[in-house]
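Worksheet for the structure shown next.
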Amino acid sequence: ATAAAASEKAAAASAAEAKTSETNAATSASTSAASATAASSSASEASTHAAASAASASLAAQSSPAAGAAAARAAEGAAR
C-alpha cells in the first residue's frame with residue numbers, strides 16, 4: 001500500500017510538472033508573439049517615417065533646388 005501511495009504521489013508530482021511546463025510553453029509562445037508584433041509595428045513606423053521624409057524632400061525640391069538637396073540628405077540620414 002505504501003509503494004502504491006508513493007507511486008501515486010510521484011505520478012501527481014509528474015502531472016503537476018507537466019502542467020507547469022505546458023504553462024511555461026504557452027507563456028513563452030505568447031511573449032514571442034507579442035515581440036513579433038512589436039517588431040512589425042516598429043518596422044512599419046520606420047517605413048512610414050522614411051516615406052514622410054521622402055515626401056518632404058520631394059516637396060522641398062519642388063520649391064527650391066538647394067533646399068531640396070538638403071532635405072534629400074536629411075531624409076537619407078533618417079532612413080539609415
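The values are calculated or read from the model by the stated rules, or taken from the named source; none is laboratory data. Since we're looking at a predicted model, the values are computed, not measured. Note that we place each Cβ from the backbone using ideal geometry, even for glycine, and neighbour counts take in every protein chain shown.
A few points about this structure:
- Hey, Glu76 assigned to a helix (DSSP H, G or I), modelled with pLDDT of 90 or more, out of contact with any helix residue (DSSP H, G or I) (no Cβ under 6 Å at 6 or more places or on another chain) and of a type in the set (Asp, Glu) or not: no
- Some residue of the range 49-69 being in contact with a Ser or Thr (Cβ under 9 Å, 6 or more places away or on another chain) and surrounded by 12 or more Cβ atoms within 10 Å (Cβ to Cβ): yes
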